[in-house]
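Written below as structure tokens is the structure these notes are about.
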């Protein structure tokens, strides 16, 4: 009992902004490491540290699940919640995507690795798919403009969809069951994609394959809220 009370005092003292900001900083550092290859060539330990950077995006998705649950439950309406979330990332995303497609099409910047690999073009189709936030429907363009933008449409998808599913995250059983179903679907689609298309990227760059991370974050919010209230 004393330990439980101590834990609750810790939770109350540990502000939301403080630990979320810390996790975001950690995730951002990991993403920079993987994309820059910061420790490559430093032996097996350095290579492992660099490779571990790929999990930075996973941490971002868990944080997003937490903040979606938090901001939606505190918002006065779904509209105000969604407007707040969308305005955080979409305007800048539109500017960067539009600028990058323009300069690549004009020959002022080299195409990204993924654009070259899948034969995508800096054309109207690519631009519309990105601005509609539906680029994950075509893996050839999903990450073709900046080479790192695939996660943004997934974020927006779960901004829109997760609030209607939050009831599944309020209990451990519901959250685990939902994450299990999403994991099974992801594994099945990944297998089919790799078998028939030769790559699992068409599934990796879709909302369903990352859904378990958002649900984990949402469950963490409700779990923490219940413990803080005790």
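Quick note: the coordinates plus some simple rules give every number you see, no bench work behind them. The structure displayed is predicted, hence computed values, not measured ones. Note that each Cβ is placed from the backbone with ideal geometry, even for glycine, and that neighbours are counted across all protein chains shown.
Were the residues from residue 197 through residue 42 laid out at 0.36 nm apart, the gain over their Cα-Cα distance would be 52.3 nm. Put the Cα centre of segment 104-163 next to the Cα centre of segment 38-91 and the gap is 18 Å. Axis of helix 78-105 versus longest Cα principal axis of the chain: the two differ by about 20°, to the nearest ten degrees.
I need the calculated FRET efficiency for the pair residue 225 and residue 160, taking r as the beta carbon distance and R₀ as 30 Å, to the nearest 0.05.
Values: r = 23 Å, r/R0 = 0.75.
With R0 = 30 Å, the Cβ-Cβ based efficiency is 0.85.
When shorter helices are ignored and each DSSP H run of at least 4 residues is given -39500 (n - 2.57), the per-residue value for the chain at 222 nm works out to -24000 deg cm²/dmol. Full extension of the chain segment joining residue 20 with residue 177 gains 54.0 nm, where the gain is 0.36 nm per residue of separation less the Cα-Cα distance. Compared with the dominant principal axis of the Cα atoms in the chain, helix 151-161 is inclined by about 50°.
The relative contact order of segment 132-222, computed from alpha carbon pairs under 8 Å that lie at least 6 residues apart in sequence, is 35 percent. Model label sites at residue 117 and residue 131, defined 7 Å from Cα along the beta-carbon direction, differ in position by 2.7 nm. Tell me whether segment 76-149 comes out rounded, prolate or oblate; compute the Cα gyration tensor, take square roots of the eigenvalues as a ≥ b ≥ c, and use a/c under 1.5 as the rounded threshold. The shape class here is prolate.
When only Cα pairs below 8 angstrom with a gap of at least 6 residues are kept, segment 76-149 shows a relative contact order of 31 percent. Principal-axis analysis of the Cα atoms of the chain puts helix 172-197 at an angle of about 10° to the longest axis. Measuring nothing but how far apart in sequence close Cα pairs (under 8 Å, 6+ apart) lie, relative to its length, the chain scores a relative contact order of 24 percent.
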